[in-house]
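One structure is given here, and the rest of the page talks about it.
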Amino acid sequence: MGAPTPPPHRVDVHRALGGGSVADLLLWRRWVAGVALLLSSTAMWVLFERAGYNLLSFAANTMFLLVLILFLWAKSAALLNRPLPPLPDLEVSENSVAKAADVMVDWINRGLSIGREITVNRNLKLFFQVAFGLWAISYIGGLFNFLTLVYIGIVLAFSVPFVYDKYQDHINDKLCVTHSVLQKQYKRFDEHILKKIPVPSNKEKKIE
C-alpha cells in the first residue's frame with residue numbers, strides 16, 4: 001500500500017497578489033476602502049445597467065461639473081484672497097509609461113509564442129486549450145454585456161482571494177480531486193482522439 005499523498009502546501013495569498021496595497025484591498029485588510037470601492041462599483045453598475053444612463057454622457061457631465069467647480073473656486077479665491085484649489089501635477093511619468101509598455105510587450109510576446117506553438121509546432125493540446133478558452137469567453141460574453149462582466153470581475157476579485165485565503169486547506173483538497181479527475185479524462189481524450197490525428201512533421205512538409 002503506497003504512502004498517502006502529502007497535503008498541498010499553503011499559499012501566501014497576500015504575496016501572490018503582489019504584497020502591496022492592492023493585496024491588502026482584495027483581502028479586506030483595508031475594509032473601509034474595499035467597502036467604498038465595492039459600493040461605488042455597485043452604484044455605477046446600477047446607474048448604467050439598470051437606470052439606462054449613458055456612459056459618455058455621464059463622463060462628460062462629470063467632467064463639466066468638475067471644471068465648473070474648479071473655475072468658480074479659482075475665481076472666488078482671487079476675489080476673496082483665498083488659496084487656489086490644491087491640484088496635483090496632472091502628468092504621466094516616463095517610468096509609468098515604460099512599465100506599462102513592458103507589460104504590454106510581455107503579453108504580446110506571449111500571444112505570439114502561443115500562435116507559433118499552434119501553427120508551427122502543431123501543438124494540438126495547446127490548440128484545444130485556446131479554442132476552449134475562446135469559446136468560453138464568447139459564450140459568457142453572449143450572456144452579459146461588457147459593464148456587467150466588469151462588475152462581476154470586481155465582485156469576484158473582492159470575494160475569491162478572501163475566501164481562498166480563509167478556507168485554503170479545504171479548497172485545495174477539492175481542487176486536487178478535481179484535477180485528478182480532469183487529468184484522467186484528458187488522458188482518455190488524448191489516447192482515443194489526439195494521438196490518432198495524423199500530424200505531418202516539419203521535414204515532411206519541406207520535402208513536399
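The values are calculated or read from the model by the stated rules, or taken from the named source; none is laboratory data. Treat the numbers as computed from the prediction; the structure is a model and nothing was measured. Note: ideal-geometry Cβ built from the backbone for every residue, glycine included; neighbour counts use all protein chains shown. For the accessible areas, the whole protein counts, side chains as well, though only heavy atoms, and no ligand, DNA or RNA atoms are used. Shrake-Rupley method; radii C 1.70, N 1.55, O 1.52, S 1.80 Å.
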query: Hey, rough spin-label estimate for Leu149 and Ala43, points 7 angstrom out along Cα→Cβ, what's it come to in nanometres?
result: 2.7 nm
query: With every protein chain present, what is the per residue accessible area of segment 89-163 (1.4 Å probe, Å²)?
result: 79 Å²
message: Could you derive backbone 3J(HN,Hα) for segment 144-154 from the dihedral phi with the Karplus parameters 6.51, -1.76 and 1.60 (θ = phi - 60°), listing whole Hz in sequence and x where the residue is Gly or Pro?
response: 10, 8, 5, 5, 5, 5, 5, 5, 4, x, 5
task: At 0.36 nm per residue, minus the direct Cα-Cα distance, what do Gln183 and Met104 gain on full extension? Give it in nm, one decimal, please.
output: 25.2 nm
field: Estimated FRET transfer efficiency (Leu70, Glu91; beta-carbon r; R0 22 Å; 0.05)
entry: 0.80
- prompt: Once phi is turned into ³J(HN,Hα) by the Karplus curve 6.51 cos²θ - 1.76 cosθ + 1.60 with θ = phi - 60°, what whole-Hz value does each residue of segment 23-29 show in order, with x for glycine and proline?
  reply: 5, 4, 5, 6, 8, 6, 7
Segment 36-54 and segment 167-195: distance between their alpha carbon centers, rounded to Å: 39 Å
